[in-house]
Protein chains: 2
Amino acid sequence: MPRRYDPDRRRRLIDAAIRVVGRDGIAGLSHRTVAAEADVPLGSTTYHFATLEELMVAALRQANENFARVLAERLPEDDSGDLAADLARALGEWLGGERTGVELEYELYLAALRRPALRPVAAEWTEDAAALLARRTDPVTARALLALMDGICLQVLLTGGSYDEEYARVALARLIP
Amino acid sequence: MPRRYDPDRRRRLIDAAIRVVGRDGIAGLSHRTVAAEADVPLGSTTYHFATLEELMVAALRQANENFARVLAERLPEDDSGDLAADLARALGEWLGGERTGVELEYELYLAALRRPALRPVAAEWTEDAAALLARRTDPVTARALLALMDGICLQVLLTGGSYDEEYARVALARLIP
DNA sequence: ATCCCATGTGTACGAGGGTACACATCGTGT
DNA sequence: ACACGATGTGTACCCTCGTACACATGGGAT
């Protein structure tokens with residue numbers, strides 16, 4: 001039974017947790033489901049992550065890093081272009097893809113509402129994203145743009161409506177002084 | 001044991017469900033916890049609400065009605081005043097009160113992300129709120145204002161930060177053409 | 001070479017949950 | 001007056017979960 005000597009078992013558990021949340025939501029997250037998804041015994045998950053919150057923290061942090069990378073690519077540093085249009089397009093690409101991915105990241109993000117342990121990670125995320133936007137505008141406007149993007153995403157995801165990129169562009173443009 | 005003849009048992013179950021979610025979150029919602037909170041036998045909850053989603057739908061709908069009433073009071077129909085300031089103040093009062101109440105309503109609202117059954121109710125809510133705001137501005141702006149308010153609330157609640165009413169007022173004002 | 005400890009494995013227990021179902025009771029239409 | 005259906009009650013089954021614990025194993029410090 002020598003599955004011994006698994007250097008990045010921790011990483012694989014995090015990946016498995018992300019897949020589980022993507023498929024069944026946080027409600028489907030348990031030590032057992034993660035263990036099954038990662039093909040490791042139950043005891044291994046409880047060893048590396050004593051509580052499910054620890055797993056969520058790790059998963060949220062990784063999801064943040066992924067999204068920050070994507071956003072950085074979509075936001076060229078030179079401010080020659082139209083920032084509102086760039087952001088609206090980035091949102092469109094994000095929401096236009098697999099709904100699973102968006103749901104996954106938002107669900108982990110929103111989980112911070114009831115779990116104080118996740119709040120510092122959520123705060124990191126908004127700070128990092130704001131810093132990214134602040135390359136193209138002032139910090140206060142950056143925060144407002146982020147808030148509006150969050151709100152637009154929420155409305156689309158929660159009501160089951162469709163994303164209107166032109167509407168988003170106009171609204172975002174109004175926030176830029 | 002004649003607890004028979006309970007005309008508004010359904011209503012009492014909904015109230016109990018709201019109290020349970022307020023105290024322990026959706027994670028703590030179960031037929032049994034609601035039954036205990038409402039002081040009725042287990043079978044009664046499963047009779048009136050076959051699934052927990054039905055309970056959540058009813059609870060979310062009631063929470064919406066409560067909040068819509070409050071918002072209507074805070075938004076006088078005459079447009080003599082400053083709309084952005086009114087909204088920022090309403091947000092402040094809402095976020096300044098018991099964190100429990102805000103968390104409760106937001107948690108039910110956000111639950112629609114993963115539960116399609118809740119999405120029509122969430123959509124109703126945004127439409128009703130937008131109609132309220134549309135008394136003071138155009139429909140497109142009303143939607144944008146709502147989205148920004150959602151985003152600002154989220155950032156406060158998820159990151160554990162504090163609410164800055166002046167910042168909110170400025171950002172909201174920019175959205176009004 | 002040896003020892004210690006981080007890591008990995010298997011299993012068991014008690015708590016709590018959804019669901020089903022048989023039975024009790026009352027209101028109401030006929 | 002009566003029967004039937006809506007509503008209420010109690011209980012039992014089976015599942016999943018978190019947790020704890022005893023044991024195995026191999027790497028690296030000494």
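Interface size, chains A and B: roughly 3500 Å² of accessible area buried, both sides included, 1.4 Å probe, rounded to the nearest 100. For chain B, the longest principal axis of the C-alpha atoms and the axis of helix B:99-110 are separated by about 80°. The long axis of helix A:83-96 is offset from the longest Cα principal axis of chain A by roughly 40 degrees. Across the range A:1-50, Cα pairs under 8 Å and at least six residues apart give a relative contact order of 30 percent. Out of the total accessible area of the protein assembly as shown (probe 1.4 Å, heavy atoms of protein only), what percent is carbon and sulfur? Roughly 53 percent of what the probe reaches on the protein assembly as shown is carbon or sulfur. For chain A, the alpha-carbon coordinates run over 62, 31, 27 Å along the three principal axes, in decreasing order. Mean residue ellipticity at 222 nm, helices only, the protein assembly as shown: -23000 deg cm²/dmol; runs of at least 4 DSSP H residues each add -39,500 (n - 2.57), and the sum is divided by the number of residues. Each residue of the range A:29-43 was assigned a 3J(HN,Hα) from its phi angle through the Karplus curve 6.51 cos²θ - 1.76 cosθ + 1.60 (θ = phi - 60°); the sequence is 8, 8, 3, 5, 5, 5, 4, 5, 5, 8, 6, 10, x, 4, x Hz, with glycine and proline shown as x.
For the protein assembly as shown, what does the alpha-carbon gyration tensor say about shape, rounded, prolate or oblate, given a ≥ b ≥ c as the root eigenvalues, a/c under 1.5 as rounded, and a/b over b/c as prolate? It is oblate, given that a/c is not under 1.5 and a/b is not larger than b/c. Sequence-ordered 3J(HN,Hα) estimates for the range B:135-150 from the Karplus curve with 6.51, -1.76 and 1.60 and θ = phi - 60° stand at 6, 10, 7, 7, x, 4, 4, 4, 4, 5, 4, 4, 4, 5, 4, 4 Hz, glycine and proline given as x. Solvent-accessible surface, computed for protein heavy atoms with a probe of 1.4 Å, shrinks by 50 Å² or more for the following residues of the range B:78-121 when the other protein chains are added to the isolated chain: B:E103, B:L110, B:L113, B:R114, B:R119.
Using only alpha carbon pairs under 8 Å that are at least six residues apart, calculate the relative contact order of the range A:50-177 and give it in whole percent. Reported relative contact order: 35 percent. Take the range A:1-50 with all the other protein chains still there, run a 1.4 Å probe, and you get 63 Å² of accessible area per residue. A 1.4 Å probe run over the range A:60-113, with the rest of the protein chains in place, finds 45 Å² accessible per residue. Counting only alpha carbon atoms, the long axis of helix A:165-175 and the longest principal axis of chain A meet at about 70°.
Close amide-amide hydrogen proximity is noted between A:I176 and no other residue 5 or more places distant or on a separate chain, at a cut-off under 5 Å (H modeled in the peptide plane; Pro and chain starts excluded). Computed extension gain for B:A123 through B:R135, at 0.36 nm per residue and net of the alpha carbon distance, reaches 2.4 nm. Among B:E127, B:E98, B:E54, the largest mean-square fluctuation in a Gaussian network model of chain B (Cα springs under 10 Å) belongs to B:E98.
The values are calculated or read from the model by the stated rules, or taken from the named source; none is laboratory data. What you see is a predicted model; the values in this text were computed from it and never measured. Quick note on the areas: whole protein, heavy atoms, side chains included, nothing else; ligands and nucleic acids left out. Shrake-Rupley method; radii C 1.70, N 1.55, O 1.52, S 1.80 Å.
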